[in-house]
Amino acid sequence: MENELFTLFGKAVTVGTALIPVFAGVIGLFTNWVAIKMMFLPINWVGVKMPFKILGFPVFGWQGIIPSKAAKMGSIAVDTGLAKLGSMSEFYKEFEPEVLSAHIVAASRDEVHATVDQILQREYAELWKAAPAPVKALVHAQVEAQLPAIVAKVMTGIGENIDHLVDLKLMVIRHMEKDPRLINRVFQEVGAKEFRFIINSGGWMGFLLGLGPMAAWLYVPEWWTVPIGAAIVGYATNWIALKVIFQPIEPVKIGPFTLHGLFLRRQDEVAQEYSHLIAHDIVTLPNIATTMIHGPEGDRTRRLIADTLDPVVDDAVGLARPLVQAATLGRYESLKDQLAATAADSTIGTLDDTEFAVGRAEALKALLAERMRELSYRDFAQMLRSAFEEDEWMLIVVGAALGFGAGVVQLALTL
């Protein structure tokens, strides 16, 4: 034949036959690339949602596997990662409550004075209006004098109760549900090198595995040989890449070589990347503060702050307390509750300071990175493995299906 290149074991190898492993390499590269994209994209559902699936696959649309399960993936991220690195109270200590107290006092002093004025003007307009300037100044002076001690007490109280005030898992899940891009970032940034390996390895593994379909075509030149061989390549490249990333769990020495999962070899490096993401984007001061005030235990947080602030109001009113109580016809306790509620928002709101939060995040990052380096290889592997585990069969099957289709195209074009 005029396009014959050489003979192999008595069989003529044509250009089309020689291209089989080349196509297989392209197939492996392409199917692995598609598999990774399907994990993360699209962020939101694209297509028409149907009330049924076929073999576990949606029929007329797709959403990235990880963002489609943002809540579940957030829960997994806590269970397989954060929960093994520390508790909410340990994380809070890394923020250094005494530093938080000093920041809150400095940031909220003017707002506290304004709050006292607003409440007294609203509740006791005539009384406060008629009060001499020295009396007003004395009330503000008493509040300001007690502010550092009171804020420190509030921070201590929060620290002692933080595990009850903030549900770490629920906080993470809510943030993941609100912005699925966040859970994508957790897995993409932690496993960036592993995902590149999965894609790139599809090329060279596909070429090597493609030698099998080439041999099959030489000796069994039936139309189905190449598509089935390509399907096997698409299946095998995904399966092998996933295994190589996480296996073996423990290092295995074979002569001069050490076999160890690619992801596991990077434990120190990943510890830095993961801890930075968690400390700067998820377990942050603003997120914790928002959860404390507006989360399920928000009322409990406000009550804790209110109980701490009660003495401040009493001391501020001072000798005029009986008069104030009489003038307000029993609404004095309501006054204290209003002041406490406003002070709660003011106190916690001062933590929503980006520059200050970044400094506290670095302290938490150091703790997380240190704890992560100490994880066993098995626990460490689960941090990324959990992203694949439940739905990896889907990625492998897609690889096989795309491989089969590519094999049909190759059959038509070159064979």
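The values are calculated or read from the model by the stated rules, or taken from the named source; none is laboratory data. Predicted model only: the values in this text are computed from it and were never measured. Ideal geometry is used to build each Cβ from the backbone, glycine not excepted, and the neighbour counts take in all protein chains shown.
Among the residues of region 237-287, those identified as over 25 Å from Ala83 (Cα atoms), among the β-branched types (Val, Ile, Thr) and in contact with a helix residue (DSSP H, G or I) (Cβ under 8 Å, 6 or more places away or on another chain) are Thr237, Ile240, Val244. Taken over region 31-41, the criterion of being of a type in the set (A, V, I, L, M, F, W, C), out of contact with any strand residue (DSSP E or B) (no Cβ under 8 Å at 6 or more places or on another chain) and surrounded by fewer than 20 Cβ atoms within 10 Å (Cβ to Cβ) is satisfied by Trp33, Val34, Leu41. Which helices (runs of 4 or more DSSP H) sit wholly inside region 123-240 and have at least 2 residues that are within 30 Å of His260 (Cα to Cα)? In region 123-240, the matching helices (runs of 4 or more DSSP H) lie at 180-190, 192-219.
Residues that are within 17 Å of the chain's Cα centre (by Cα) and within 18 Å of Leu395 (Cβ to Cβ) do occur in region 191-202.
Please go through region 208-238 and pick out each residue that is in contact with a Lys or Arg (Cβ under 8 Å, 6 or more places away or on another chain) and crowded, with 18+ Cβ neighbours inside 10 Å. Leu218, the sole residue that qualifies. Applying the criterion of being hydroxyl-bearing (Ser, Thr, Tyr) and assigned to a helix (DSSP H, G or I) to the residues of region 82-103, the residue that is surrounded by the fewest Cβ atoms within 10 Å (Cβ to Cβ) is Ser89. Figure legend. Inter-residue proximity from region 180-191: first residues without any contact (Cβ under 8 Å) to a residue 40 or more places away in the chain and among the basic types (Lys, Arg), second residues surrounded by fewer than 21 Cβ atoms within 10 Å (Cβ to Cβ) and in a helix (DSSP H, G or I), beta-carbon distance below 8 Å, spacing 6+ or different chains. No pairs are indicated. Taking region 56-74 as the range and being touching a Leu at 6+ places or on another chain (Cβ under 9 Å) and either touching a residue at least 40 places away in the same chain (Cβ under 8 Å) or assigned to a helix (DSSP H, G or I) (or both) as the test, the residues that pass are Gly64, Ile65, Pro67, Ala70, Gly74.
When Glu269, Glu273, Glu250 are screened for being closer than 25 Å to Glu389 by Cα and either outside any helix (DSSP H, G or I) or at pLDDT below 75 (or both), only Glu250 passes.
From the list Ala400, Ala406, Ala369, Ala412, the one residue that fits, being free of Cβ contacts under 8 Å to residues at least 12 places away in the same chain and assigned to a helix (DSSP H, G or I), is Ala412. Every condition in (1) under 16 Å from Ile162 (Cα atoms); (2) at pLDDT below 80 holds for Gly349 except the one numbered (1). Among the conditions (1) surrounded by fewer than 16 Cβ atoms within 10 Å (Cβ to Cβ); (2) of a type outside the set (D, E, K, R); (3) over 30 Å from Val409 (Cα atoms), the only one that Ala271 does not satisfy is (1).
The one condition from (1) surrounded by fewer than 20 Cβ atoms within 10 Å (Cβ to Cβ); (2) modelled with pLDDT of 75 or more; (3) part of a helix (DSSP H, G or I) that Leu364 does not meet is (1).
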